[in-house]
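The values are calculated or read from the model by the stated rules, or taken from the named source; none is laboratory data. For clarity, every value in this text was computed on a predicted model and none was experimentally measured. Heads up, the Cβs are rebuilt from the backbone with ideal geometry, glycines too, and the neighbour counts pull from every protein chain shown.
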Amino acid sequence: MIGPDDVLGPGRRDAAGLLVSWLLRRLFWPLLWFGAIVVVLTGVADDPEQLHPELTSVAGLEELLRSPTTLLLVAAPAVRLASTVLSLVLAMPLASRLQREADLALQRGHWHPLPWIDRWRLTTGLQRVRWTSAVRRRARQRLGRTGAWVLVADLALLVTGIVLVPVAVAVLASGLG
């Protein structure tokens, strides 16, 4: 049976990285809903020209980066992508170690055609296992007092995401209707 300590690296560094990637992942929905609310409340939804600023110059790019649609269309997916990449990078060393141990256990001395496929499968599987509540709880324990604050932030993001759903639906219904 695999326990939480089996999928966490030694010390606080891996635990902190895991929890940062989790908080980034948790931030996606509140950021997306907040972006939708901002788009409607600022009137961007009424003016389609604001949804597609001209990108023929640096000024157009600056306008796009400052627009509320950036929050909706770029920031939330970028945060989600960052959390995924970070969690995969953090899981890779453990996947490499497990793959070497499996190769030794099987006494595989022959050439393997695609060893990176095994490594990728191990990495993505470990990513998902590392995001389970038991592993996150153990990571928070390793961080001590900081881990308690991570729990507060996690719960705050969860509640914010849940609360923003009906607010966003109401704002979208009133703003687009």
Is it the case that region 142-150 has a residue that's outside any helix (DSSP H, G or I) and over 18 Å from L19 (Cα atoms)? no
Look through R119, R108, R137, R97 and report the one residue that is out of contact with any Cys (no Cβ under 8 Å at 6 or more places or on another chain), at pLDDT 90 or above and not aliphatic (A, V, I, L, M). R137
Only residues in region 144-169 that are more than 14 Å from A15 (Cβ to Cβ) count as the first member; pair them with residues that are small (G, A, S), Cβ under 8 angstrom, at least 6 apart or cross-chain, and list the lot. A168/A36
Here are some conditions: (1) modelled with pLDDT under 95; (2) assigned to a helix (DSSP H, G or I). L55 meets all but one. Which one does it not meet? (2)
Between residues in region 60-89 that are under 19 Å from L172 (Cβ atoms) and residues that are of a type in the set (D, E, K, R) and in a helix (DSSP H, G or I), which pairs lie under 8 Å by C-beta distance while being six or more apart or on different chains? none
